[in-house]
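Structure first, then comments.
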Amino acid sequence: MRLVVGKEGARSSGELERYRAMRDFARTPEPSGEAASPPAGTGERRFVVQRHRARRLHYDLRFEMNGVLVSWAVPRGPTLDAKARRMAVHVEDHPMEYLDFEGVIPAGEYGGGDVIVWDRGTWEPHATDDPVAAVAAGDFHADVHGSKLSGRLVLVRRGEPGSDGKEQWLLLHKRDEHAVDGWDPEDHPRSVLSGRTNEEVKADPERIWRSDLPAAQASIELRPATVPGPTQDELAALDDLRSAGTWDVFGRRLRLTNLDKELFPARPGQAPVTKRELVRYAAQIAPVALPYLRGRALNMHRYPNGAGANGFWHKELPEHAPGWLPRWVNPEADPGETRTYLVVDEPAALVWAANFGALEWHAWTSRTSDPRRPTYALVDIDPGPATTWDDVVLLAGLHRDAFAHLGVRAQPKLTGRRGEGCHRNTLGG
Ligand code: MN
């Protein structure tokens, strides 16, 4: 069993800088965020509660009014407990684009920290049809219909603004059929959008919020766009090759060899699996695999004579490798150690590895930009000869539950020629 510990997805500020540098905001249309308010007159108004770990934990309670989100920051969070009185600070209106924002606000920016959509739903004003005037008058009642919150919330201004110029209000829940004594928002920590906790979002954010950009551009998708797979024409061209030839795919020209070599023997009633099929498979899954391989040195386990023969590790990128292949030279390599590694930064590189006879692709747990710091942990569950698949699955589940107790998200990763299950662990930052 192997355990490597680190942080996955906790993108360093350096990476964000690079990300920013890569984007040309003047030219690239960014996700506009969904700014659409419901059509006037439908009466449907939205609210959201975001759990926001900035300098201090608080919950942001926001009501849609006239195209903006009228907002209060509630340090202890809203509650269904009718006995509770919560301090709420009336903060500036937020743009509608913020309604569904869940992700990370970069450190150093206003509100820097992590945000989840803790609750959301619809609301209607109570005892007024002019909620903006009710807020201005310092006495605002709303019936909310969320996933966690429901019933009547009351917000009352308590007095003059504090030294920071912000108004102190009081938030309470009316004693109605939705009230629950002792109800604590911290007992319900997961996002209603993603099911994730703040810690999990921080460890692997999907979005950042750039408050220095216009609202329509501020929510920025961090996940790399998926590369399109090979076209039907490209796959047909692979089938048309004889046992060797050149294949144009992903904008690269690859020289393929021994395409009819059997890599896996035939199963009963099936044809053997040839290198041509491995190459096709590598091309088809490259868009999916790329995010997990990109930016990491790749150790290849080669089986040039097929999976039935002995394989060997091949780490050094050979001299004959085409010049376009992305690579990394390990500056700390000792004499005799592998120096130049393949880095699958583009899909054609994975196709090249398949043609090279690499049946197993083992990316480093660290990135080449910081090779001494792994970003995730692996626990290998290697089955012995008497171990059944059900045993492996049970073991994997036990590991998952044990890690969950530590606040660590573990996900299964199936790899290896013996079908071993292995856990890829995501550590919260
Ligand atoms: Mn906030």
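The values are calculated or read from the model by the stated rules, or taken from the named source; none is laboratory data. Note that the structure is a prediction, hence the values are computed from the model and not measured. Please note: Cβ atoms are built from the backbone with ideal geometry, for glycine as well, and neighbour counts cover all protein chains shown. Surface areas here come from the heavy atoms of the whole protein model, side chains and all, with no ligands, DNA or RNA. Shrake-Rupley method; radii C 1.70, N 1.55, O 1.52, S 1.80 Å.
Just a few scattered comments:
- Complete set of residues in the stretch 219-239 that are outside any loop (DSSP other than H, G, I, E, B) and open to solvent by 70 Å² or more (accessible area, probe 1.4 Å): 232, 233, 239
- Checked against (1) farther than 30 Å from residue 213 by Cβ; (2) surrounded by 19 or more Cβ atoms within 10 Å (Cβ to Cβ), residue 127 passes all but a single condition, namely (2).
- Residue that is modelled with pLDDT of 95 or more and in a helix (DSSP H, G or I), where the choices are 298, 350, 317, 342: 350
- In the stretch 398-429, the residue that is modelled with the highest pLDDT out of those that are under 20 Å from residue 374 (Cβ atoms) and of a type in the set (A, V, I, L, M, F, W, C) is 402.
- Matching residues, the stretch 333-344, being in contact with a Lys or Arg (Cβ under 7 Å, 6 or more places away or on another chain) and either surrounded by fewer than 19 Cβ atoms within 10 Å (Cβ to Cβ) or without any contact (Cβ under 8 Å) to a residue 40 or more places away in the chain (or both): 333, 338, 340
- Residue match in the stretch 49-58 (condition: farther than 16 Å from residue 113 by Cα and either within 12 Å of the ligand (Cβ to nearest atom) or crowded, with 17+ Cβ neighbours inside 10 Å (or both)): no
Every residue, every condition in (1) of a type in the set (Asp, Glu); (2) at pLDDT 95 or above; (3) in contact with a Cys (Cβ under 6 Å, 6 or more places away or on another chain), yes or no:
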position	(1), (2), (3)
100	yes, no, no
138	no, yes, no
144	no, yes, no
152	no, yes, no
163	no, no, no
170	no, yes, no
184	yes, yes, no
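- Subset tally (residues that are assigned to a strand (DSSP E or B) and within 12 Å of the ligand (Cβ to nearest atom)) for the stretch 109-133: 5
- Residue within the stretch 162-175 that is open to solvent by 70 Å² or more (accessible area, probe 1.4 Å), assigned to a loop (DSSP other than H, G, I, E, B) and of a type in the set (Ser, Thr, Tyr) present: yes
- Residue satisfying all of: in the stretch 134-152; part of a strand (DSSP E or B) and either on the phi > 0 side of the Ramachandran plot or open to solvent by 10 Å² or more (accessible area, probe 1.4 Å) (or both); nearest to the ligand (Cβ to nearest atom) among these: 146
- Close pairs from the stretch 300-316: first open to solvent by 70 Å² or more (accessible area, probe 1.4 Å), partner part of a loop (DSSP other than H, G, I, E, B) and of a type in the set (D, E, K, R), Cβ under 6 Å, at least 6 apart: none
- Residue match in the stretch 287-294 (condition: without any contact (Cβ under 8 Å) to a residue 24 or more places away in the chain and open to solvent by 20 Å² or more (accessible area, probe 1.4 Å)): no
- Matching residues in the stretch 67-108 - criterion: being surrounded by fewer than 19 Cβ atoms within 10 Å (Cβ to Cβ) and within 12 Å of the ligand (Cβ to nearest atom): 75, 89, 91, 92
- Unique match (being modelled with pLDDT under 90, away from the ligand (no atom under 13 Å from the Cβ) and outside any loop (DSSP other than H, G, I, E, B)) among 27, 11, 20, 46: 20
- Number of positions in the stretch 240-278 that are charged (D, E, K, R) and either open to solvent by 90 Å² or more (accessible area, probe 1.4 Å) or assigned to a loop (DSSP other than H, G, I, E, B) (or both): 8
- Taking (1) loosely packed, with under 15 Cβ neighbours inside 10 Å; (2) β-branched (Val, Ile, Thr); (3) under 30 Å from residue 202 (Cα atoms) in turn, residue 329 satisfies each apart from (3).
- Of all the residues in the stretch 353-379, those that are open to solvent by 30 Å² or more (accessible area, probe 1.4 Å) and not in a loop (DSSP other than H, G, I, E, B) number 4.
- Looking at 187, 212, just one residue is more than 15 Å from the chain's Cα centre (by Cα), in the same structural domain as residue 98 (by TED's automatic domain parsing) and closer than 22 Å to residue 406 by Cα, and that residue is 187.
- Selected residue (criterion: farthest from residue 193 (Cα to Cα)) from residues of the stretch 204-218 that are open to solvent by 10 Å² or more (accessible area, probe 1.4 Å), outside any loop (DSSP other than H, G, I, E, B) and not small (Gly, Ala, Ser): 217
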